[in-house]
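Notes follow once the structure below has been shown.
The values are calculated or read from the model by the stated rules, or taken from the named source; none is laboratory data. Model, not experiment: these values are computed from the prediction. For neighbour counting, all protein chains shown are included, and Cβ atoms are generated from backbone atoms with ideal geometry for every residue, glycine included. The accessibility values were calculated without ligands, DNA or RNA, using every heavy atom of the protein model including side chains. Shrake-Rupley method; radii C 1.70, N 1.55, O 1.52, S 1.80 Å.
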Amino acid sequence: KTTMKKILLTFVAAICAGSISFAASPVIKYAGEVNVGYAAGGKMRYENTATKSSLHRPFVETIHGVTITKYAFVGAGVGLQGYFGAVDTDIPEEKWDTLTLPLFVNLKGMYPLKGVTPYISASFGGSVIPYSGQNVNATSEGIGIKAKLIGGFYCDCGAGVKLLKDKINIGIGMQHQQMGVKLVVSDGSYSESESEGGYHGTSFYVKVGFCW
């Protein structure tokens, strides 16, 4: 987590430096993109214990914002990711069956060349979980127990290139996702709620998309 934050701060500093360097000729223009991708690998950790979990997941995202000169971009995005691998690879029948909805701010530092535009990118924000097969709602001997997977911190950092006059986007990088666990215990006369540390994991991703 600390390493990811250091990387994000480095990206932000680089992007800000690029914006200041070319501020003499500012050009502010709307830009947007939609991408599809796949994240794979990495480990899921519960608090400080690593689990053998499958983090493979497809995702789709859309990002909209403005270019500040032709060297920097600032925008916001939303995505949808589907975790369908095993929670524990030693128990392959137990699947995540979880959808996450990341909401984030996106920063890019770009360097246009003839025909292509390489860039570095950083996103940070949070996610919500609209659905999860890991949610539990059970009653035993008059005691009700609810366990709900909730969202948490989200970030990604990477690099890519825009092709065909900035119409096609190809990117690679790393994604980090946290998912908390909320427990509610009740016996009909009282209800007690608490949040636990939950899960967090980092994965490699690749994505392609269209820009305008």
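Which residues, counting only those in the range 44-89, are open to solvent by less than 60 Å² (accessible area, probe 1.4 Å), more than 30 Å from residue 109 (Cα to Cα) and outside any strand (DSSP E or B)?
Listed by number, the residues that qualify are 53, 54, 85, 87, 88.
Keeping to the range 147-177, report how many residues are open to solvent by 40 Å² or more (accessible area, probe 1.4 Å) and touching a His at 6+ places or on another chain (Cβ under 9 Å).
Qualifying residue count, the range 147-177: 1.
Looking at the range 90-111, which of its residues are among the charged types (D, E, K, R), open to solvent by 20 Å² or more (accessible area, probe 1.4 Å) and touching a residue at least 12 places away in the same chain (Cβ under 8 Å)?
Scanning the range 90-111 gives 90, 95, 97.
Just to be sure, is residue 25 modelled with pLDDT under 95, surrounded by 14 or more Cβ atoms within 10 Å (Cβ to Cβ), of a type in the set (Gly, Ala, Ser) and not in a strand (DSSP E or B)?
Here the answer is no, as residue 25 does not meet what is asked.
How many residues, within the range 117-132, are modelled with pLDDT under 95 and open to solvent by 40 Å² or more (accessible area, probe 1.4 Å)?
The total comes to 3.
Restricted to the range 28-74, and to residues that are over 21 Å from residue 173 (Cα atoms) and in contact with a Lys or Arg (Cβ under 6 Å, 6 or more places away or on another chain), which residue is modelled with the lowest pLDDT?
Restricting to residues being over 21 Å from residue 173 (Cα atoms) and in contact with a Lys or Arg (Cβ under 6 Å, 6 or more places away or on another chain), the top hit is 50.
Identify all residues within the range 104-128 that are assigned to a strand (DSSP E or B) and over 13 Å from the mean Cα position of the chain (by Cα); write none if there are none.
If the condition is that a residue be assigned to a strand (DSSP E or B) and over 13 Å from the mean Cα position of the chain (by Cα), then 107, 108, 109, 110, 117, 118, 119, 120 are the ones that fit.
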